[in-house]
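**Student:** I'd like to ask you about the structure that follows.
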Amino acid sequence: EEFPVEEDELSSAEFGTLVHEVLEHLNFQDPEKTLAGVVREVFNGMDEGKIREAMEIAGRFIQSPLLQEIQKAKRVFKELPFVLNERHGSIHGVIDLLYQDLRGLWHIVDYKTAVGDSVSMAASGYEEQILIYALAFQEISRQCPVRGVIYYLKNQFACDIPLNAG
């Protein structure tokens, strides 16, 4: 005889994936107007606590200096998939956000649904992730991004990673 299994609570990874989806569908030019609807749609039927947490995280992001910078961009690409074919195999990935500023310079943003700081950033390996994203973008576009940003959503900590623009 089988017993019904209750749905487990979202893992941190699953929650992070859903928050990424919220940011992917959020209208960055008018985020206050679309935030609640997007969060409700993405987290449809889930625990109200998780919905509130996602609203708080995304709500802080839409007030951030980073979003203000992105709102002024010439071009913005969200959730940009890539395949980087290297000598020892392929690397598949998704760049969370890529934008071109008014000067024509490219910036890569990778969101982390966590609390972070300089110490955790240094130990994380995320800088290498940004370097791979920069290489992939350079291979695809023949342009070099000038900066990568690891953006910790829970505490709005932005860690800038200067990239070689030449």
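Any read-out appearing in this document is the output of simple, stated calculations on the displayed coordinates, not a laboratory observation. This is a predicted model, so every value here is computed, not measured. A quick note on method: Cβ atoms are made from the backbone with ideal geometry, for glycine too, and the neighbour counts reach across all protein chains shown.
**Student:** Report the FRET efficiency, 1/(1 + (r/R0)^6), for residue 103 and residue 128, where r is their Cβ-Cβ distance and R0 is 30 Å, rounded to 0.05.
**Tutor:** Efficiency computed from Cβ-Cβ geometry: 0.65.
**Student:** Hey, what angle do you get for helix 48-61 against the long axis of the chain, alpha-carbon based, 0 to 90 degrees rounded to 10?
**Tutor:** That helix lies at roughly 20 degrees to the long axis.
**Student:** Let me ask something else about it. Need the full-extension length gain, residue 155 to residue 29, defined as separation in residues times 0.36 nm minus the C-alpha distance. One decimal, nm.
**Tutor:** 43.1 nm
**Student:** Based on C-alpha coordinates, I'd like the Rg and Dmax of the chain, in Å.
**Tutor:** Just the Cα atoms of the chain yield Rg and Dmax of 17.3, 66 Å.
**Student:** List every residue whose amide H lies under 5 Å from the amide H of residue 147, counting only residues 5 or more places away in sequence or on a different chain, with H placed 1.01 Å from N in the peptide plane.
**Tutor:** Placed amide hydrogens put 108, 163 under 5 Å from residue 147.
**Student:** Given Cβ point charges of +1 (Lys, Arg) and -1 (Asp, Glu) and nothing else, what value in debye, to the nearest 20, does the dipole of the chain about its Cα centre take?
**Tutor:** In total the dipole reaches around 1280 debye.
**Student:** If you don't mind, another one. What do you get for the angle between helix 12-25 and the principal long axis of the chain? Use alpha-carbon atoms, 0 to 90 degrees, nearest ten.
**Tutor:** Computed tilt is about 70 degrees.
**Student:** For a Förster distance of 22 Å, can you work out the FRET efficiency between the beta-carbons of residue 13 and residue 92, rounded to the nearest 0.05?
**Tutor:** After rounding, the FRET efficiency stands at 0.80.
**Student:** Calculated from DSSP H runs of 4 or more alone, at -39500 (n - 2.57) each and per residue, what is the 222 nm mean residue ellipticity of the chain, nearest 500?
**Tutor:** Computed ellipticity for the chain at 222 nm equals -13000 deg cm²/dmol.
**Student:** Considering the zone a paramagnetic label at residue 76 would reach in this model (a point 7 Å from Cα along the Cα-to-Cβ line), which residues of segment 12-32 have amide N under 12 Å from it?
**Tutor:** 23-32
**Student:** As I understand it, the value is the acute angle between the Cα axis of helix 126-141 and the longest principal axis of the Cα atoms of the chain; what does it come to in degrees, rounded to 10?
**Tutor:** The two axes meet at around 60 degrees.
**Student:** Next question, about the same structure. What dipole magnitude, in Debye to the nearest 20, does segment 4-94 give about its Cα centre under +1 on Lys/Arg Cβ and -1 on Asp/Glu Cβ?
**Tutor:** Dipole of segment 4-94, to the nearest 20 debye: 760 debye.
**Student:** Still on this structure: Is any residue of segment 115-134 close enough, with backbone N under 18 Å, to a label point placed 7 angstrom from the Cα of residue 164 along the Cα-Cβ axis, and if so, which?
**Tutor:** 127-134
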